[in-house]
Structures are given as C-alpha cells and as structure tokens.
Ligand SMILES: [Zn+2]
C-alpha cells in the first residue's frame with residue numbers, strides 16, 4: 001500500500017514537473033498546457049458600447065455585460081427626447097408625441113406640418129404607401145402588443 005502511494009506521488013510529481021517545464025518553455029502543443037495555448041481574440045468593450053456577438057446585441061451597463069433584447073430596442077425607440085430634433089422645440093410628454101416619435105422621429109406638430117406639405121404636393125399617398133412598406137405598421141403593432 002505504501003509503495004503504491006509513493007508511486008502515485010512520484011507519478012504526480014513528475015507530471016507536475018513536466019507541466020512546469022512546458023509552461024516555462026512555452027511548449028503549448030503539449031497536452032497538459034493545451035488550455036494555456038487556447039487563446040481567442042478578445043475585444044475589449046467599455047461602458048455603453050453596443051456590439052453584436054453570436055447573433056445577439058450586447059452592451060455594458062453598470063460594468064456588466066448584458067444582451068439587448070428586441071424589446072429593449074423598442075422601448076428605447078419609444079423614449080421621447082427633450083426636444084424635437086426637427087424643430088428644436090420642447091417635446092411634450094403627451095400621447096400624440098408618444099405615438100409619433102417612434103414612427104417619425106419628430107414631434108406631432110412636425111408630423112402634421114410634413115403631412116400637410118406632402119398632401120399639398122400630392123405626395124401623401126405615396127408617402128403613406130412607403131411607410132407601410134417599410135414595416136412601420138408591424139412596428140406599431142409590436143408596440144401596441146407590448147403596451
Ligand atoms: Zn418638431
């Protein structure tokens with residue numbers, strides 16, 4: 001029994017020595033250090049970064065890596081800005097703006113102005129068709145389902 005143990009210890013020790021030697025000589029091809037040789041290009045990301053990985057969107061929030069779901073994107077697209085990027089006027093947090101912002105990225109007044117202009121130019125029908133084609137209707141449906 002004693003002999004067996006000492007043999008195991010000896011075996012273990014020689015393996016350790018071999019591993020140490022491999023590490024020192026950086027002989028990564030050896031089985032014992034395969035893991036050390038396994039390196040993958042790791043891209044460093046910082047707070048607020050958004051990138052795609054394995055078909056998912058990721059971000060770093062409060063120092064934690066996390067996925068951004070489609071729902072988050074929709075939620076984010078619904079958040080009203082302080083001012084309308086089109087007319088620079090304050091964006092009231094009301095029902096009309098909430099409805100128009102995710103679709104048009106401008107305030108309700110701007111949408112009315114734009115649509116009036118399009119109607120005058122006779123381009124409204126075309127515009128409406130394009131909106132439907134670009135999947136806006138699906139987008140609205142998704143938001144309604146969510147709410
Ligand atoms: Zn506006």
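Considering only residues that are over 27 Å from residue 51 (Cα atoms) and surrounded by 14 or more Cβ atoms within 10 Å (Cβ to Cβ), look in region 69-97 and name the one that is farthest from the ligand (Cβ to nearest atom). Reasoning before the result, please.
Quick first cut of region 69-97, residues over 27 Å from residue 51 (Cα atoms) only: 83-84, 86-97.
Those still in the list that are surrounded by 14 or more Cβ atoms within 10 Å (Cβ to Cβ) too: 84, 86, 91-92, 97.
Values: 84: 3, 86: 4, 91: 7, 92: 11, 97: 9 Å.
Going through the qualifying residues, I end up with 92.
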Total residues in region 94-147, condition farther than 15 Å from residue 76 by Cα, modelled with pLDDT under 80 and not in a helix (DSSP H, G or I): 2
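The values are calculated or read from the model by the stated rules, or taken from the named source; none is laboratory data. The structure presented is a predicted model; accordingly, all values stated were derived computationally and were not measured. We place every Cβ from the backbone using ideal geometry, glycine too, and count neighbours over all the protein chains shown.
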